[in-house]
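Written below as structure tokens is the structure these notes are about.
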Amino acid sequence: MSIDPREKVVLFIDGANLYATSKAIGIDIDYRRLLSEFQSKAYLLRAYYYTALVEDQEYSSIRPLIDWLDYNGFTVVTKSVKEFTDSAGRRKVKGSMDIELTVDALELSAHYDHFVLFSGDGDFTALVAALQRRGKRVTVASTLTTPTPMISDDLRRQADFFLEVAELAKTVGRAPAVDRGAGAADKVD
């Protein structure tokens, strides 16, 4: 990992994307160890976790994770998914957190040196470029180890550093528990 110990670091986690990445490589993320890993490398200013929730469900499988993160050092940002019917009459849900993540990253940028984005979504390429123009170093964490890479080529090229989640999993991963569905409501766009 290319983080200077003198840097103030922020973690921005696209919950749906990291969930899909971890499932694709066959691991679960131990979020307590993830915080410890970055705290041991530099000054960890904040860790944000973004996810969409289906609010009208009696039980949301991601709620226990959200509650745990909220009590254990993460700033959790959520919003309700929107349901709609497409032109073919199929029920769809949408709950992208890209705008919220981008606005928060730009608003906080005066206070950190190094931005670590856990997402492979190419929509974040413009955000990465904007942060670099502000003098920030940017690491993007995703994976290339799956048959179809989970990271956009444009995003990977724009980032200063690429962090392979499969490598990071050696210190912050664990064998998957029985699928709790954590993140099942996440990937909705």
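The values are calculated or read from the model by the stated rules, or taken from the named source; none is laboratory data. From a predicted model like this one, the values you see are computed outputs, not experimental measurements. So basically every Cβ, Gly included, is an ideal-geometry build from the backbone, and we count neighbours across all protein chains shown.
Please work out if residue 27 is touching a Pro at 6+ places or on another chain (Cβ under 8 Å), β-branched (Val, Ile, Thr) and within 25 Å of residue 148 (Cα to Cα).
On the way: touching a Pro at 6+ places or on another chain (Cβ under 8 Å): yes; β-branched (Val, Ile, Thr): yes; within 25 Å of residue 148 (Cα to Cα): yes.
Judged against the criteria, residue 27 is a match.
I'm trying to understand the selection: among the residues of region 1-35, which are surrounded by 15 or more Cβ atoms within 10 Å (Cβ to Cβ) and small (Gly, Ala, Ser)?
The answer is 15, 16, 20, 22, 24.
Checking residue 87 against (1) buried (at least 18 other Cβ atoms within 10 Å of the Cβ); (2) out of contact with any Asp or Glu (no Cβ under 9 Å at 6 or more places or on another chain); (3) modelled with pLDDT under 95, which test does it fail?
Here residue 87 clears every test but (1).
Results for (1) of a type in the set (A, V, I, L, M, F, W, C); (2) under 18 Å from the mean Cα position of the chain (by Cα), shown as yes or no for each residue.
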{"residue": "115", "(1), (2)": "yes, yes"}
{"residue": "123", "(1), (2)": "no, yes"}
{"residue": "135", "(1), (2)": "no, no"}
{"residue": "139", "(1), (2)": "no, yes"}
{"residue": "147", "(1), (2)": "no, no"}
{"residue": "150", "(1), (2)": "yes, yes"}
{"residue": "153", "(1), (2)": "no, yes"}
{"residue": "161", "(1), (2)": "yes, yes"}
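Exactly one condition in (1) surrounded by fewer than 15 Cβ atoms within 10 Å (Cβ to Cβ); (2) in contact with a Ser or Thr (Cβ under 7 Å, 6 or more places away or on another chain); (3) not aliphatic (A, V, I, L, M) is false for residue 119; which is it?
Every listed condition holds for residue 119 apart from (1).
Considering only strands (runs of 3 or more DSSP E) fully contained in region 1-81, which possess at least 1 residues that are farther than 16 Å from residue 164 by Cα, in contact (Cβ under 8 Å) with a residue 60 or more places away in the chain and touching a strand residue (DSSP E or B) at 6+ places or on another chain (Cβ under 9 Å)?
Passing ranges, in order: 8-14, 43-53.
Could you tell me which of the residues 95, 122 is touching a strand residue (DSSP E or B) at 6+ places or on another chain (Cβ under 9 Å) and among the small types (Gly, Ala, Ser)? Full working, then the answer.
On the way: 122 fails: touching a strand residue (DSSP E or B) at 6+ places or on another chain (Cβ under 9 Å).
After applying the criteria, what remains is 95.
Looking at (1) modelled with pLDDT under 95; (2) hydroxyl-bearing (Ser, Thr, Tyr); (3) farther than 19 Å from residue 121 by Cα, which is the only condition residue 43 fails?
(1)
Quick check on this structure: which one of 106, 131 is out of contact with any Lys or Arg (no Cβ under 6 Å at 6 or more places or on another chain), more than 17 Å from residue 16 (Cβ to Cβ) and surrounded by fewer than 16 Cβ atoms within 10 Å (Cβ to Cβ)?
Working: 131 fails: surrounded by fewer than 16 Cβ atoms within 10 Å (Cβ to Cβ).
Answer to the check: 106.
Specify which of the listed residues (104, 154, 123) is under 20 Å from residue 42 (Cβ atoms) and of a type outside the set (A, V, I, L, M). Lay out the reasoning, then the answer.
Numbers: 154 fails: under 20 Å from residue 42 (Cβ atoms); 123 fails: under 20 Å from residue 42 (Cβ atoms).
Within the list 104, 154, 123, the selection yields 104.
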